[in-house]
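Have a look at the structure below, then the notes.
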Amino acid sequence: RMREVDLGCGKALLIKESGEFHAVGHKCPHYGAPLVKGVLSKGRVRCPWHGACFNISTGDIEDFPGLDSLPRFQVKIEKEKVYIRASKQALQTQRRTKMMAKCISLSNYNLSSTNVLIIGAGAAGLVCAETLRQEGFSDRIVMCTMDRHLPYDRPKLSKSMDSHPEQIALRPKEFFRTYDIEVLTEMQVVAVDIKNKTAMFKDGFKMEYNKLLIATGNMPKALSCKGKEVENVFNIRTPEDANRVVKLATSKNVVIVGASFLGMEVAAYLAERAHSVSLVELEEVPFKKFFGERVGRAVMKMFESNRVKFYMQTEVSELREQEGKLKEVVLKSGKVLRADVCVVGVGAVPATGFLKQSGVNIDSKGFIVVNKMMQTNIPGVFAAGDAVTFPLALRNNKKVNVPHWQMAHMHGRIAALNMLAHGMEISTVPYLWTAMFGKSIRYAGHGEGFDDVVIQGDLDELKFVAFYTK
């Protein structure tokens, strides 16, 4: 059983399992969900919103998303009364950053050499760096990113489009200084020489490494139609992209190409702000491949009741401009849509082009192939996140690509532990969530290629559970 208890200057979560009492922080450190509404099972409590999982004995985070653990409080039983002892600070912060090492040997390195080089500064790269420090690793760690910002919460870009970089930063600047995690921003790796263990950057700079993590994520696909170079056509890739779209879309006409998660989240966010929102999609129903036709239609109906207009089973043939700026979107069906701004969400490709001549094993779709320890075919070279294909335990170790935020965190952790020779294999269950018009969809597992969908509950009311079977 779980119960929230008020200790005067804050609350704790009191847990009784198998006759033993435990007390930890009552809020998930990821986004503050009340853990009392989560699930308690086998010594762990799982967050009701986004699925992060915490050990009730230690408070440590064991599944993601999120970076911090829960504070753990002392519990004492006396004369059938339960006493909890907690510090005021822990009760008020409701989070605990694990103990981390610092770099003790920076003076041993010249600028162009590091022990661990991490290419990419998303969730996978950051969790890898943090895990290394948590495990006592005290050598140099360098992360590099093409982005101009320190690691941030990228899924927020389509869900909360007016967020500023500081608001969605995963860690503040001081954190990286405190734990000696160096981040090189606006630095693009263009080649990797695995024989000489060297990464080459676009500006000519070279960096030697001992261990390498490739966590470059993916790149959005662009439209290939006539007029694709006109102004006010966006892929949502950075906070600046998202902010600019909101500004341009307010009280104007928006066309979104692609009923992907990104496209649908952007449509939901802009529906109240824009004059009109039109969504163009090649399939007949949004999310059909992912959720099945019936669930897709129910979601589509919710969007239509919120003024989003769908143009299905068609694609864009031309973007027309007036004075260089977008004016109309022409569809292959012949329909012409008024458009002041266009957002493109037609999928993504792994950002692995720079590895073509490297010797790192890449499959026909461009994904980096790794084993259960996130190791590539090259000793000392690991890969993680959206750019990899890895063996999924719950699908009989079938190699899959799972571009979820939660999975990127776990990949980063497993890679770090195996850089330190812990022999840790990945076994987590994929989990994703989305929120649109106040409705939340949560998805656990990997139902790619399902044969049947069993629905329990009320689809029209959007209160249901769907099971995907093969």
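In table form, for the structure just shown:
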{"item": "Residue match in segment 390-398 (condition: open to solvent by 40 Å² or more (accessible area, probe 1.4 Å), outside any helix (DSSP H, G or I) and touching a strand residue (DSSP E or B) at 6+ places or on another chain (Cβ under 9 Å))", "result": "yes"}
{"item": "Tally of residues being open to solvent by 60 Å² or more (accessible area, probe 1.4 Å) and more than 26 Å from the chain's Cα centre (by Cα) across segment 192-246", "result": "14"}
{"item": "Residues (of a type in the set (Val, Ile, Thr) and either assigned to a strand (DSSP E or B) or surrounded by fewer than 16 Cβ atoms within 10 Å (Cβ to Cβ) (or both)) located in segment 377-389", "result": "VAL381, VAL388, THR389"}
{"item": "SER364 among the polar types (S, T, N, Q), surrounded by fewer than 17 Cβ atoms within 10 Å (Cβ to Cβ) and closer than 26 Å to LEU282 by Cβ", "result": "yes"}
{"item": "ILE118 vs. criteria of a type outside the set (Ser, Thr, Tyr), part of a strand (DSSP E or B) and closer than 29 Å to PRO379 by Cβ", "result": "yes"}
{"item": "Options VAL39, VAL24; residue that is open to solvent by 50 Å² or more (accessible area, probe 1.4 Å), β-branched (Val, Ile, Thr), under 30 Å from ALA169 (Cβ atoms) and in the same structural domain as GLU80 (by the TED database)", "result": "VAL39"}
{"item": "Of all residues in segment 260-273 being among the small types (Gly, Ala, Ser) and open to solvent by less than 10 Å² (accessible area, probe 1.4 Å), the one that is nearest to TYR152 (Cα to Cα)", "result": "GLY263"}
{"item": "Cβ pairs under 8 Å, 6+ apart, first in segment 44-72 and over 22 Å from GLU425 (Cα atoms), second open to solvent by 30 Å² or more (accessible area, probe 1.4 Å) and aromatic (Phe, Trp, Tyr)", "result": "TRP49/TYR31; TRP49/TRP433; HIS50/TYR31; HIS50/TYR431; HIS50/TRP433"}
{"item": "Whichever residue in segment 51-62 is open to solvent by less than 10 Å² (accessible area, probe 1.4 Å) and part of a loop (DSSP other than H, G, I, E, B) and, among such residues, is farthest from TRP405 (Cα to Cα)", "result": "ILE56"}
{"item": "Selection within segment 73-92 - free of Cβ contacts under 8 Å to residues at least 24 places away in the same chain and surrounded by 10 or more Cβ atoms within 10 Å (Cβ to Cβ)", "result": "LYS76, TYR83, ARG85, SER87, GLN89"}
{"item": "Among the candidates PRO65, PRO48, residue that is surrounded by fewer than 19 Cβ atoms within 10 Å (Cβ to Cβ) and within 25 Å of the chain's Cα centre (by Cα)", "result": "PRO48"}
{"item": "Tally of residues being surrounded by 14 or more Cβ atoms within 10 Å (Cβ to Cβ) and part of a strand (DSSP E or B) across segment 440-470", "result": "8"}
{"item": "Any hit, segment 121-132, residues being open to solvent by 40 Å² or more (accessible area, probe 1.4 Å) and in contact (Cβ under 8 Å) with a residue 40 or more places away in the chain", "result": "no"}
{"item": "Any hit, segment 281-292, residues being aliphatic (A, V, I, L, M), touching a residue at least 60 places away in the same chain (Cβ under 8 Å) and either over 18 Å from VAL233 (Cβ atoms) or open to solvent by less than 20 Å² (accessible area, probe 1.4 Å) (or both)", "result": "no"}
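The values are calculated or read from the model by the stated rules, or taken from the named source; none is laboratory data. Predicted model only: the values in this text are computed from it and were never measured. Virtual Cβ from ideal backbone geometry, glycine too; neighbours counted across all protein chains shown. Keep in mind that these areas ignore ligands, DNA and RNA; they rest on the heavy atoms of the full protein, side chains included. Shrake-Rupley method; radii C 1.70, N 1.55, O 1.52, S 1.80 Å.
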